[in-house]
Structure formats: C-alpha cells, structure tokens
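The values are calculated or read from the model by the stated rules, or taken from the named source; none is laboratory data. Small disclaimer: the values here were computed from a predicted structure and weren't measured. Glycine also receives a Cβ, built like all others from the backbone with ideal geometry; neighbour counts cover every protein chain displayed. The accessibility values were calculated without ligands, DNA or RNA, using every heavy atom of the protein model including side chains. Shrake-Rupley method; radii C 1.70, N 1.55, O 1.52, S 1.80 Å.
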Amino acid sequence: MHALRKSRPLRRIVLASAATVSGVVLLLSLKPHTTPALAVGAPAPTTSSSSAAGSGGTTGTTGTTGTRTVTGDSVDTRWGPVQVRITIQDGKLTEVTAVTYPTENRRDQEISSYAIPQLRREALAAQSANIDTVSGATYTSDGYRRSLQSALDSVGL
C-alpha cells in the first residue's frame, strides 16, 4: 500500500492545524484601508476680506460691515477630514460651504450627500455652531461643527 493512503489521523490533524493557524495569521496581518494624509499639519484658518471693516473702536459684530470669507480648521474624523468655509456679511452668517468632507467610498458619498445640506441649513438658521447631529452621520456632523466653530472663532462670532 502507498504511504499516503495509509490512515494517519495525527498527521492530518497537525496539517489541518498548521493550515488554520497560517490562514488566521495571514488574515490578521492584513492592514485596513486608510485615507492618505492630505497635509502635514492642520492649516491655519485663512481669512479674506472683500471690503474693509467698519470704523470705530468696537469689536465683535456690531461695528463690522462688508463681507468676510473664512476657512475653518480641517478636523480629522474617523472617516476622513471635514473642513468648512463661511461667509460673514454685516456680522451675519450668510453662507457655509463644506470644503472637505468624507468621499472615499460610495457609502461616504451617500452619507455626505444628505448630511452636508442639513448641517448647512441648521448652521445658517442657528447663526452659530450650536447645531444638531445628523442621524447616521455622527462623525461628519462632529467634524463639521468643530470646523465651523473654529471659523466663527477666527472672525469673533
């Protein structure tokens, strides 16, 4: 009889165990997909002004006129960075635009497509970063709120 046709249960157990352990090790060594870093540090908020601030020694929104556009800090979330740009006109928040938000895969795009417009509407209505979290988009909402607050802080609102 041939050597491989003999019944050797111990050999089969050892080979099956070795194959299982090898498979588990290979699975655990796989690295999850990560988003590449966009920048080496968090950029400082940028400010551009289309008209000069009003005269007078007051600070805050009462003595300002014209339009200012400010980009908030980029906030890293679990699913990717979120960054917003705001426009202030005569001391009022008139526009909020999401500059960067998670779009890595189809699910990120789906979540962002319904969450970003809701967050924008709430920010414009509240005139602050005190906005509700969008259900199903917790991380994006948190990043949006934090970036919005950094932009508002940089203009003194």
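Coordinate range of the alpha-carbon atoms in the range 69-153 per principal axis, descending: 39, 20, 15 Å.
Measuring nothing but protein heavy atoms, the accessible surface of the range 116-157 at 1.4 Å probe radius is 45 percent carbon and sulfur. Report the FRET efficiency, 1/(1 + (r/R0)^6), for residue 26 and residue 95, where r is their Cβ-Cβ distance and R0 is 41 Å, rounded to 0.05. It comes to 0.20. Available extension along the chain between residue 107 and residue 127 is 4.2 nm, counting 0.36 nm per residue and deducting the alpha carbon span. Largest accessible area first, the listed residues 114, 139 line up as 139, 114 when surface is computed with a 1.4 Å probe on the assembled protein chains.
Amide H contacts of residue 95 (H built 1.01 Å from N, in plane; Pro and chain starts excluded): 87 sit under 5 Å, all sequence-distant by 5 or more or on other chains.
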